[in-house]
Structures are given as structure tokens and as C-alpha cells.
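Working notes for the structure below.
The values are calculated or read from the model by the stated rules, or taken from the named source; none is laboratory data. Because the structure is predicted, anything quoted here is derived from the model rather than measured. Positions of Cβ are generated from backbone atoms using ideal geometry, with glycine treated the same way; all protein chains shown enter the neighbour counts. Each accessible area value is taken on the protein alone, full model and side chains, heavy atoms only, with ligands, DNA and RNA left out. Shrake-Rupley method; radii C 1.70, N 1.55, O 1.52, S 1.80 Å.
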Amino acid sequence: MSRKSIPILKQLLHQSTTRRFSHAPPRAVTLIPGDGVGPLVTESVEQVMKSLKAPVYFERYDEVQGDMKCIPEEVIDSIKKNKVCLKGGLRTPVGGGVSSLNVQMRKELDLYASIVHCVSFPGLPTRHEDVDIVVIRENTEGEYAGLEHEVVPGVVESLKVITKYCSQRIAKFAFEYADVNKRKKVTAVHKANIMKLADGLFLESCREVATKYPEIQYEEIIVDNCCMQLVSKPEQFDVMVTPNLYGNLIANTAAGLAGGTGFMPGGNVGTDQAVFEQGASAGNVGNEKILKLKKANPVALLLSSAMMLRHLEFPSFADRLETAVRRVIAEGKFRTKDVGGDSTTQEVVDAVIAALD
Amino acid sequence: MAKRTLPLLKRLLRSNLHSLTPTRSVTYMPRPGDGTPRAVTLIPGDGIGPLVTGAVEQVMDAMHAPIYFERYEVHGDMKSVPPEVMESIRKNKVCLKGGLRTPVGGGVSSLNMQLRKELDLYASLVHCFNLKGLPTRHENVDIVVIRENTEGEYSGLEHEVVPGVVESLKVMTKFCSERIAKYAFEYAYLNNRKVVSAVHKANIMKLADGLFLESCREVASKYPGIKYNEIIVDNCCMQLVSKPEQFDVMVTPNLYGNLVANTAAGIAGGTGVMPGGNVGADHAVFEQGASAGNVGNEKILQQKKANPVALFLSSAMMLRHLQFPSFADRLETAVKRVIASGQYMTKDLGGNCTTQEITDAVLANLD
């Protein structure tokens, strides 16, 4: 009996270590490096993907810059073909003139949900503990519709449009997300005591969808009280669903509580396409000094690319990448400037590659 | 020599114990007749409002402050503020109020907002600072948020275009942006503040917030001694929770100001302790700084455990506004002493005292 068991054991061990991923054909992913620190951090992701031997290959479009009038046709076509995109930040010029390319992309591809996952990392000291908040924000309408005009010189009107259609689909997305990820509570953030019709419509849609998910707790909170609760007791929040502007501010506040926008992954999701980028503050492309010293924080984009790998249904690669990044953060030896350390982007990336197994 | 050192030492030690009392008496020289009692309109409001305004009345009585209150009952579900109340405020020019609960959803519009619009109280001020004895996660917080109060996103101009589509107008005017910027810089100048930060989202809302920024820049050029910078609102929220000590005075449009003020109040100790008020060219209304529409819940009302500190400090601001600075100093010192002792904390600060216990402690600490 034992004479036969040895070859069987050998076969079993051989299988587990030399499993081929030939059943996973490599997927094409559009890559937009962007402005400022964008190229630096997207290059880090490319390096890590190569070491992982992940079944993705990137189609780079370096020429997209924040001050272009609109995204080139070929880039949009590529994203429509590949269905997945990874991008660095696109710097939006302040003041009149060019409209934001980040927002344009989300509207053209109808990426109606923006997800930011703010979670505390062991080893990263913050003032607040046990933060684990997912902010799901409506991405296409609301206050950022960009519909402004000057009525008479000195008076500007800006339109905030809320529709039942968009509110319903973002509420559905939020509850679906909570259901699939085994989350217990969904909180709707609003200011319906002042903006009765607009945020009232948003709340109605959330309430309707909530009745279809009886096991998930549903709450509503006024946005100014929410900000205060976030900074005093962040552990009470789980999944938050919000319209466009409040979501922007809440996502950034929650990201700051959990360690900073340099660490939080996120992405924009629509029915057909998904674009992954740094979670909160995606328009922040760093300043000159960080760019020259090459000390940008790549963690957010690395974790977002792990989310992308899960989206492409390669969960084991995503797990390996996340474990390696968490190990590097927990050790605390390689930290970039925004969290008080002094490492360069390359040092952090090398540490992550070394921690991969 | 040794005989004299002992009484000297005793005097020194005694003065060190009362470290919060100013050892030099400050002389304010009044005009003849300044001590005549001033009338102040008092609106107790809803929920915990009557409880905390009652506390303020007790303290004002004990101090023999030269003010007397004209009380008016106003509730959040009325259609509009009664005309006699408005008359009274216009006559007295100063009002102290508790919160008015605004019903959520369609129907009645917010009375807090109506009051601000009718009296044109265009600047809302919230002073968020760390109090000694109140432990918070953030140190060195001393932020004043000056927020435009009349226009912007809260103009209340909404309509349903077709069923299922609602449009809400955000109106920004050069006139309002200029006067709030002027007020912010004047405030910084008179109170010896060093930095004014304008909070905006002009990369997305280019015309609207762009107009606001232009006005701020124009006014900034007239105050070369005060540093001026601009920060995008989402970056601002993140900086507030990681490095709040970099902010001094912040001037913002209506909606961002609401959120930034509440966030700053939260990091400095909670909305139950931050003073604030709404001021216009002719009138001023003082109330709890941030979240003035929050009138507590049933449980706190029944147990009478509402936090009166915010309204105490706001009434001290009111006394200064009425030019009774020494009464304001006495009230503030007493309140700060009570909080520093750490024994009298209401539920929102982690303790278990009732409103009356804190009021009694403040009365005992008045000198």
C-alpha cells in the first residue's frame, strides 16, 4: 500500500505547486497614467502585476492629460471594448474653461456608482480605530451636473438635478453591494429638511429599495449630523449611500479618518464598464515636490488594482496582492511622506514585490 | 527675612491655585448710561430648547447682567415666524434662541432659515476650539468657520420638472460673496487671526464657486497683513480630520460651511459645546453654534440631560456683542472652570449629569 501512496502523494504535491493558469486567458485593461503623480503610481502597479504574473495586460494611453478639452475617441473605444480601466488622477484646472475630465469620463461611460472603501490598517496609527466604511456615491447627477450660467453679471445659477431613475439605481446598487458583501447596515445621507423635494426624492427611492432587503438594517441621517458622528464615533457606520456632493465630502472625511486618501481604494462602476482609481480625491495629483522626489503613495492604486482583479474574477491574485500590501503596511518600515515616513514610491513597491508569495 | 517669606509664599501659592482667573484686573471704560439694562428677545424653541434657555436665564439672573429677556413661544412646525416676534427682534436688535425643529420632507420650510433670511443675517459664525478638561482625539483645534447664510444651495428654490425629476437651484451672487468675504477678513483683523482659508469646489462648479473665489481674492488684497489661501472642499475635509491645527478662519459658501462647521465642531468636542451665532448688518441672533436644528431626542428631554454649554458660551458672545465684556469674561471663566474640573459632563460628553447640575456648578463658580 505504501509503495503506491508515494507516487500519488508526489502527484498531488506536484499539482498544487505547478497549477497552470492556462484556463484564464489574459484580459486587456486600458491604462491611463494621467497627470502629476499618476504615471509614477500606475507604473508601480504595472511592476507589481508583472511580478504576480497576473493574467492582465495593459493598453496604455499616455496622452490623456487633465487640460485636454475632452477624452480622445480611441480611449473611450478602448474602454468600451475592454470594459475595465485603471487610471491615475487627471488634474482639473480651477476656474472657468475646461470641464473636468474625470467627471466627463464618468458621464460618458455612465459609471453611476462610485465606491470608496475606507478601512483602518493594522500598523498604521490613526486617531480613530475600527473604521470600516464603504461610501457609495451617485456619480452622474446631483450638484456636479455642471449646469451653470450667469443670469446677469454678478449672479450665477447652478442647477442640482435629482431624478428618480438615478436615485433608484444607486440605492439598488448600494443594497446589492451590502447583500453580496455581507454588510449589516445601509445609511442614507441627506439634507431633506432643507432641500425637501430634491433629497426627499432620493430618500423615497432608498426607502423603497430598503423594503426589498429586510435583513439589512436601513437608517437615514442628516448630512451635518453625519459629519459630526463620523469624527466622533465612526464605528457606527457601515455602508453609506449618498448623492453626489455629500458623497464626495463624506468619502474624503472617512478616508482621512482611516489613514488618508493615499491608502483608500475605490472605483467607479456602471452597468457595462468599470474604472478603478485612487478611492477618494481622485483629482488630487500631488504637487511638484512629491513628483520630483518620487515619493508618491502607491498603496491606494495597488489596492484598487486588487479590486480590479476581483472584478475580473481573479480572486486569488487579488488576495495575494492585498496580503502583501497589508504586510508591508503592518511592518511600518516603508512609509511615504503623507503618513510621516520618508520612503520613495519605488521602495514601497519593492517591499510589496518582496512580500508577494 | 524668613519671617516675610512665609506670607509671600502663601500669597503666591494661593494665586497659582486659581490659575484660570486673570491676575490683572482689566478695566473697560464705559460711557455714562451703558449700564442700563438691554432687552433681548428670547425664543426657547422646541425639544431641549426651553431647558437650555432656562439655564441661561438662571445664570444671567445670578450674574445680575444688565439684560432682560422678552420671551416668545415659537415652534418648528409653525408656518412662519409670528410678526410680533420679528418686531421684537427688530426693536431689540439681539436675540437668543434655542433650536427650532425642522420637519423632514415636503411641507413646512425651515423656520431657522426663514429667520435668517428675513433679518438678512448673512454671516453664520461657529467657533470650534478645544476645551481644557474635555478629552478629544485632536489637539490644538481653534477654528472659526464663517459661512454665508442666505444664498447658495439652501435657497429653497426647488421644483419638480416632470414626475421623477427634481431641479434645485444654487444661486451665487457677487454681492453676497463680497460681503461675506469682507466680514471674514474684518473678523480676522479685529480678532488678531493670522490665516483666512476659502473653501470651494471651483474645479467642478467653475462659475458658481469661481465667483465666490474672485470675491475672496479681491477682499484679500485689501488686508495684506492676513494670509489668504484656498482649499478644495474634499481635500479640506480630509485635512480637517488629519491636521486641524493648520486652519484658523475659514470662509465658505452655505452648504460647505454647514458640513465643515459640523466636522470642526465634532473634532473639537461635539456640537454641544461650540458657541456661535448669526449676524447681519442690523441684527444678531445667538444660538448653539453648529447643528442648530438639532433639538435632541425624547430621552434626553425627559431626563433633562441636555448640554447647556454651547448656549452658555453663545450668550457670553452675546454679552460681548452688547458691549458688556466683563460679564462675558466672568461667564466664560466659570464655564471653562466647570469643564476643566471634569466632574460635570452631560451624556454627549461621556458623563451623566443633568442640565440643572451643570447650571448649578456654573453658578457656584461665578465670582
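Remark: the Cα gyration tensor places the stretch A:125-181 in the oblate category, a/c being 1.5 or greater and a/b not exceeding b/c. Answer with one residue from A:Leu197, A:Asn248, A:Tyr218: the one whose Cα lies farthest towards the positive end of the charge dipole of the stretch A:193-343, charges on Cβ with Lys, Arg +1 and Asp, Glu -1. Positive-end residue among those listed: A:Asn248. Going by alpha carbons, how many degrees (0 to 90, nearest 10) lie between the helix axis of A:345-355 and the longest principal axis of chain A? Rounded to the nearest ten degrees, it is 50.
Counting Lys and Arg as +1 and Asp and Glu as -1, what is the net charge of the other residues whose Cβ lies under 13 Å from the Cβ of B:Gly342?
+3
Give me the summed buried accessible area for the B-A pair, 1.4 Å probe, to the nearest 100 Å².
Details: alone 18660 and 17790 Å², together 31620 Å².
Using a 1.4 Å probe, the pair buries roughly 4800 Å².
Heavy-atom accessible area for B:Arg71, with the other protein chains in place and a 1.4 Å probe, reaches approximately 120 Å². Over chain A, DSSP H runs of length four or greater, each weighted -39,500 (n - 2.57), average out per residue to a 222 nm ellipticity of -13500 deg cm²/dmol.
A simple count of charges around A:Val189, restricted to other residues whose Cβ falls under 12 Å of its Cβ and scoring Lys, Arg +1 and Asp, Glu -1, yields -3. Going by alpha carbons, how many degrees (0 to 90, nearest 10) lie between the helix axis of A:196-211 and the longest principal axis of chain A? Between helix and principal axis, roughly 40 degrees. Evaluated over the Cα positions of chain B, the convex hull gives a direction-averaged projected area, one quarter of its surface, of 22.6 nm².
Put simply, what bits of the stretch A:214-228 lose 30 Å² or more of accessible area when the other protein chains are there, versus the chain on its own (1.4 Å probe)? The answer is A:Asp224, A:Cys227, A:Met228 - residues whose exposure falls by at least 30 Å² when every protein chain is included.
Any idea of the accessible area per residue across the protein assembly as shown, 1.4 Å probe, to the nearest Å²?
That works out to 44 Å² for each residue.
Contour minus end-to-end for B:Lys243 and B:Lys304, with contour as 0.36 nm per residue of separation and end-to-end as the Cα-Cα distance? Spell out each step's value before the answer.
Numbers: separation 61, 0.36 × 61 = 21.96 nm, distance 3.58 nm.
Once the chain is fully extended between B:Lys243 and B:Lys304, it gains 18.4 nm.
A Förster radius of 45 Å, combined with the Cβ-Cβ distance separating A:Lys185 from A:Lys69, puts the computed FRET efficiency at roughly 0.55.
Please state the shape class of the protein assembly as shown: rounded when a/c is under 1.5, otherwise prolate if a/b exceeds b/c and oblate if not, all from the C-alpha gyration tensor. Prolate is the answer for the protein assembly as shown, as a/c is 1.5 or above and a/b outweighs b/c. Count charges around A:Asp272 for me, please; just the other residues with Cβ under 12 Å from its Cβ, Lys/Arg as +1, Asp/Glu as -1. Once all neighbours under 12 Å are counted, the net charge is +1.
Over the stretch A:225-309, with every protein chain in place, what whole percent of the accessible area is carbon and sulfur at 1.4 Å, could you tell me? Walk me through the intermediate numbers first.
Details: 1020 of 2050 Å².
So the carbon and sulfur contribution to the accessible surface is 50 percent.
Taking Cα centre as origin and charging only the Cβ of basic (Lys, Arg, +1) and acidic (Asp, Glu, -1) residues, the dipole magnitude of the stretch B:243-347 rounds to 460 debye.
Quick one: grab the alpha carbon gyration tensor of the stretch B:294-367, order the square roots of its eigenvalues as a ≥ b ≥ c, and give me rounded if a/c is under 1.5, else prolate or oblate depending on whether a/b is larger than b/c. Before the final figure, lay out the partial values.
Values: a/c = 2.68, a/b = 1.59, b/c = 1.69.
It comes out oblate by the Cα gyration axes.
The residues of the stretch A:151-185 listed by number as losing at least 10 Å² of accessible area in the complex, against the isolated chain and with a 1.4 Å probe, are A:Gly154, A:Val155, A:Val156, A:Glu157, A:Ser158, A:Leu159, A:Lys160, A:Val161, A:Ile162, A:Thr163, A:Lys164. The modelled label-to-label distance for the pair B:Tyr223/A:Asp130, using points 7 Å beyond Cα in the direction of Cβ, is 4.3 nm.
Of the heavy-atom accessible surface of the stretch B:97-249 (probe 1.4 angstrom), what whole percent is carbon and sulfur?
Using a 1.4 Å probe with all protein chains present, the stretch B:97-249 comes out at 53 percent carbon and sulfur.
For chain B, the longest principal axis of the alpha carbon atoms and the long axis of helix B:49-63 meet at an angle near 40°. Remark on the stretch B:206-246: accessible area falls by at least 40 square angstrom from chain-alone to full-complex state for B:Lys206, B:Leu207, B:Asp234, B:Cys237, B:Met238, B:Val241, probe 1.4 angstrom.
How big is the shadow of the Cα convex hull of the stretch A:195-234, averaged over all directions, in nm²?
Numbers: hull surface 13.5 nm².
That works out to 3.4 nm².
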